[in-house]
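Below is one structure, written out as structure tokens; the observations come after it.
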Amino acid sequence: MKYLVGICRILVGVLFIISGFIKANDTLGFSYKLDEYFLVFNMPFMSAVSVAMAQFICVAEIVLGVATLVGWRMNLISWLLMLMIVFFTFLTFYSAYFGVVKDCGCFGDALHLSPWQSFGKDVVLLVWILIIFLWRHKIKPLISLRTSRWAVIFSIIISSTFTYYTYAHLPYIDFRPYAIGNNIKIGMLPPPFAKPDSIVILFKYKAKDGSIKEFGMNDLPDDLENYEFVDRVDKVIREGDKAKIHDFSIVDAEGVNHTNEFLNNPDYSFMLVAYDLSKTNRKIQPKVNELANACEKNKIQFFGLTSTVPAETDLFRHDNQNMFDYYFCDGTALKTIIRSNPGLVLLKNGVVIDMWHYNDFPTWDQVNAKYLKK
């Protein structure tokens, strides 16, 4: 049993540290996932603290992982581990059973798990943590109490610093399909030998008692004349393979699609991404205008991309004196492109050349010296 507990400690500790650091690498992305859960449980007001909660969970996972490995105060740590895993096991089961959240975000964009895979992972973790919990009083620290205490303190400092850095700038390691160096046009192509969605056709009929019944093509009732046809539904029973980028399009206020026009531009172009203009950082707008004006003078394309409705976008442009055009795209896609509102992306022929958080917004001289003069 001593060896079994030791193995469980190593597995739980390492997994918590890895999971925590992957989420801490993209804290804002993890907060978007928390927002999904808040909507599912009809708690949209919690979105106001989703970023702070995401940061806390990231740091907590890393610190608990380190504490588990070194064996620091295992009575307290095992209780915290148990409470956390029971809570997340409930969430992943609820998501899997009711099909409400397709990806738990346990490992960010580095590894996508299906809802049932996420639940299975948490069940295994629950078993390991239960073993640790039951034998918590017999666990000895691997190192001295003072050294283990400093290891935990050090993990708090490092994880907190890393979590804040990636939030205030951009993910240190980018696992998203829009990462620097990726070609968006290639990302929009389906994978080789992609399997299509598996679809079953269902017919809805109203019975004489008013109830709605569904029938497949091969199991229609013999007394079909006693039913009233309501609707035909194509139900996806197994999702096929999809392109890494499947929700990206650029349209204008009239609905005209300009995606190919921008992605096939052989010259450099700047794309300002602001998924929600009502939440965007307004203090950066003078720098945005300065760069946009310099681009116009030097005949470099500069355009904005948002999911905000056209009428509100026009008001925002007027209030902030934006002289460039805004186009429109799905909000989820814009959140995925860059973890900043607004964020700046440099494109060339559909390839992501560079990107900047609004805290690192470049000047014309900087981008001109680094890219445009070459």
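Please treat every number below as a calculation from the coordinates, not as lab data. Owing to the predicted nature of the structure, the values given are computational and were not obtained by experimental measurement. Neighbour counts run over all protein chains shown; Cβ positions are idealised from the backbone, glycine included.
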Put +1 on the Cβ of each Lys and Arg and -1 on the Cβ of each Asp and Glu in the chain; which of S148, F16, L344 then has its Cα farthest toward the positive end of the dipole?
S148
Cβ-derived FRET efficiency at R0 35 Å, L80 paired with L111, nearest 0.05
0.90
Nothing charged except the Cβ atoms of Lys and Arg (+1) and of Asp and Glu (-1): what's the magnitude of the dipole of the stretch 298-374 about its Cα centre? Round to the nearest 20 debye.
440 debye
Using 0.36 nm times the number of residues separating F45 and N368, minus their current alpha carbon distance, what extension gain do you get?
112.0 nm
Hydrodynamic radius by Kirkwood for the chain, inverse mean 1/r across distinct Cα pairs, in Å, is 24.0 Å
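Note the full-extension length gain between I153 and S211 as 0.36 nm times their separation in residues minus their Cα-Cα distance, in nm to one decimal.
Values: separation 58, 0.36 × 58 = 20.88 nm, distance 6.20 nm.
Separation in residues times 0.36 nm, less the Cα-Cα distance, equals 14.7 nm.
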Considering only F203, V233, L220, whose Cα is most displaced toward the positive end of the charge dipole of the stretch 198-238, charges sitting on Cβ of Lys, Arg (+1) and Asp, Glu (-1)?
V233
If each of F93 and I237 carries a label point 7 Å out from its Cα toward its Cβ, how far apart are those two points in nm?
2.8 nm
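Relative contact order for the chain using alpha-carbon pairs under 8 Å, separation at least 6, rounded to a whole percent? Walk me through the numbers before you get to the answer.
Values: 592 pairs, mean separation 59.5, N = 374.
Relative contact order for the chain comes out at 16 percent.
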Partner aspartates and glutamates for K348 [C-alpha distance under 15 Å; skip if fewer than 8 residues away on the same chain]:
E261, D267
Only Lys, Arg (+1) and Asp, Glu (-1) charged, at Cβ; the stretch 45-144 dipole about Cα centre in debye:
420 debye
So for each of 218-225, 301-308, 48-55 I average, over its residues, the number of other beta carbons within 10 Å; can you give me the resulting order with the highest mean first?
301-308, 48-55, 218-225
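Pull out the extension gain between S198 and I173, defined as 0.36 nm times the separation in residues minus the alpha carbon to alpha carbon distance; nm, one decimal.
Details: separation 25, 0.36 × 25 = 9.00 nm, distance 3.46 nm.
Residue separation times 0.36 nm, minus the Cα-Cα distance, leaves 5.5 nm.
Compute the FRET efficiency between K138 and K102 as 1/(1 + (r/R0)^6), taking r as their Cβ-Cβ distance and R0 = 41 Å, and round to the nearest 0.05.
Values: r = 41 Å, r/R0 = 1.00.
Given R0 = 41 Å and the Cβ-Cβ separation, E is 0.50.
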Could you give the distance between the Cα centres of the stretch 159-188 and the stretch 337-374, to the whole Å?
13 Å
If the reach is capped at under 22 angstrom between alpha carbons, list the lysines near K121, excluding any in the same chain fewer than eight residues apart.
K23, K33, K102
In debye to the nearest 20, how big a dipole does the chain give about its Cα centre with +1 on each Lys and Arg Cβ and -1 on each Asp and Glu Cβ?
2240 debye
What percent of all Cα-Cα pairs in the stretch 259-372 falls in each 10 Å bin, counting up from 0?
14, 51, 32, 2
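Would you mind putting 273-285, 145-157 in packing order, based on average other-beta-carbon counts within 10 Å, highest first?
Details: 273-285: 17.5, 145-157: 14.5.
In decreasing order of mean packing, 273-285, 145-157 become 273-285, 145-157.
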So how many Å³ per residue does the convex hull of the Cα atoms of the stretch 198-238 work out to?
59 Å³
Alpha-carbon centroids, the stretch 193-271 and the stretch 42-106: separation in whole Å:
34 Å
Tell me which lysines have Cα within less than 24 Å of K283's Cα, excluding those fewer than 8 residues away on the same chain?
K297, K335
